[in-house]
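To keep things clear, I will list the structure first and then write my remarks on it.
The values are calculated or read from the model by the stated rules, or taken from the named source; none is laboratory data. Just so it is clear, the model here is predicted, and its values are computed rather than measured. Counting neighbours? That spans all protein chains shown, and the Cβs are built from the backbone with ideal geometry, glycine included.
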Amino acid sequence: MSTSIEQREYSVNEVINKIYSLGEEFSFLDVFQIGKSVLGRPILALRIGNKDNCVLYAAGFHGSERLTTLCNLMFVEEFCTALRNNSDFSIANARNALCNKSIIIVPLVNPDGYEISLKGPASAGERAERIREINVGNDIKYWNANANGIDINHNFDAGFEKMKEIEKSQGIFGPAPRRYGGTRPESEPETQALINLVKQYNVIETLAWHSQGEEIYWQYGENTSEKALKLAQLFATASGYKVADPLPNSAYAGFKDWFIEKFGLPGFTVEIGKGENPLNPNSLYDIYENLRELMLISISLA
């Protein structure tokens, strides 16, 4: 494993700068903007390969899950280096794994939430006081929502009404640091950016990266792909993670759920690492090392 990513916290600006620097280093890596956050921060994507048969990685949905972003940046750097050198990535040749496919990586879906969790309400500018009101009585480091107090991974149109029932049973009736999906699905610019991206490309598989638990979720409703469980089991063998079902309060209205319901194709949530969010940056290299083979398999077998 060779990477320039350090085991430390990265600000949103540092993440953005790293994304653009990777685009400059690798001429075949396409960097483009898919949307803007509530506060106007860019939501960036990186594409490796042609525009067909895309495997989509999306990370940084939740503000306190920052290592998902860094793991994806490490993957981009290492995989691109292997492509440039025509060498192996994990257990196989990188070019062979990518044959007739492409990878699109969105390392940071929710840049506002990321920065709020890391640096506090002041990072939300004109919305700082509103963030303080929403977060009252809670430690800001656990903030997962966007700058509207809406959890992006509860804002997709897949079982949204069931998610609202669960929220009410838990006493969540409005904007909150986590687990509030909003008044209607797809209301948030971050959600819309991902949906529009999927609609623009021939996406054949998605992996949504979250933390923590070292678990892999693979199913949602009647449209779950027949090969999804077999792929999830292969991912588990490669990573040491376990195939599991999400808790009820995370079982609906997520990106993986929406993708499976709308397209009937394999979609997965991978919960990286173990501990309490935000995970310690000193665990970054160990977590990523366990994911490398899973990432390779997710591309080569898509």
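Out of curiosity, is residue 31 closer than 21 Å to residue 203 by Cα, touching a residue at least 60 places away in the same chain (Cβ under 8 Å) and either crowded, with 19+ Cβ neighbours inside 10 Å or not polar (S, T, N, Q) (or both)? Answer is no for this residue.
One residue stands out among those in the range 77-93 that are touching a strand residue (DSSP E or B) at 6+ places or on another chain (Cβ under 8 Å) and surrounded by fewer than 24 Cβ atoms within 10 Å (Cβ to Cβ): the one that is farthest from residue 283 (Cα to Cα), which is 86.
Residues checked against (1) part of a loop (DSSP other than H, G, I, E, B); (2) farther than 23 Å from residue 276 by Cβ; (3) within 11 Å of the chain's Cα centre (by Cα):
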residue: 45; (1), (2), (3): no, yes, no
residue: 51; (1), (2), (3): yes, yes, no
residue: 57; (1), (2), (3): no, yes, yes
residue: 62; (1), (2), (3): yes, no, yes
residue: 71; (1), (2), (3): no, no, yes
residue: 74; (1), (2), (3): no, no, no
residue: 77; (1), (2), (3): no, yes, no
residue: 83; (1), (2), (3): no, yes, no
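Reported count of residues in the range 244-300, each being under 22 Å from residue 231 (Cα atoms), at pLDDT 95 or above and acidic (Asp, Glu), is 5. What residue, among those in the range 147-206 that are basic (Lys, Arg) and buried (at least 17 other Cβ atoms within 10 Å of the Cβ), is farthest from residue 251 (Cα to Cα)? This residue is 178.
Do we find that residue 49 is in contact with a helix residue (DSSP H, G or I) (Cβ under 6 Å, 6 or more places away or on another chain), more than 24 Å from residue 192 (Cβ to Cβ) and in contact (Cβ under 8 Å) with a residue 24 or more places away in the chain in this structure?
Details: in contact with a helix residue (DSSP H, G or I) (Cβ under 6 Å, 6 or more places away or on another chain): yes; more than 24 Å from residue 192 (Cβ to Cβ): yes; in contact (Cβ under 8 Å) with a residue 24 or more places away in the chain: yes.
For residue 49, the condition - in contact with a helix residue (DSSP H, G or I) (Cβ under 6 Å, 6 or more places away or on another chain), more than 24 Å from residue 192 (Cβ to Cβ) and in contact (Cβ under 8 Å) with a residue 24 or more places away in the chain - is met.
For the range 162-180, state whether one or more residues are in contact with an Asp or Glu (Cβ under 6 Å, 6 or more places away or on another chain), on the phi < 0 side of the Ramachandran plot and of a type outside the set (Ser, Thr, Tyr). Within the range 162-180, one or more residues are in contact with an Asp or Glu (Cβ under 6 Å, 6 or more places away or on another chain), on the phi < 0 side of the Ramachandran plot and of a type outside the set (Ser, Thr, Tyr).
Exactly one residue out of 153, 148 is touching a helix residue (DSSP H, G or I) at 6+ places or on another chain (Cβ under 9 Å), under 20 Å from residue 43 (Cα atoms), part of a helix (DSSP H, G or I) and not aliphatic (A, V, I, L, M), and it is 153. Output the residue which, of all residues in the range 121-146 that are closer than 18 Å to residue 12 by Cβ and touching a Gly at 6+ places or on another chain (Cβ under 7 Å), is surrounded by the fewest Cβ atoms within 10 Å (Cβ to Cβ). The qualifying residue surrounded by the fewest Cβ atoms within 10 Å (Cβ to Cβ) is 140. What number of residues within the range 207-245 satisfy the criterion of being farther than 23 Å from residue 48 by Cβ, surrounded by fewer than 21 Cβ atoms within 10 Å (Cβ to Cβ) and touching a residue at least 60 places away in the same chain (Cβ under 8 Å)? So the answer is 4. Going by the structure shown, is residue 19 under 18 Å from residue 108 (Cβ atoms), modelled with pLDDT of 95 or more and in contact with a Cys (Cβ under 7 Å, 6 or more places away or on another chain)? Spelling it out, it is not the case that residue 19 is under 18 Å from residue 108 (Cβ atoms), modelled with pLDDT of 95 or more and in contact with a Cys (Cβ under 7 Å, 6 or more places away or on another chain).
The residues of the range 1-43 that are among the polar types (S, T, N, Q) and more than 17 Å from the chain's Cα centre (by Cα), listed by number, are 2, 3, 4, 7, 13, 17, 21, 27. Of the residues making up the range 181-240, just one is part of a loop (DSSP other than H, G, I, E, B), touching a Phe, Trp or Tyr at 6+ places or on another chain (Cβ under 7 Å) and among the aromatic types (Phe, Trp, Tyr), namely 218.
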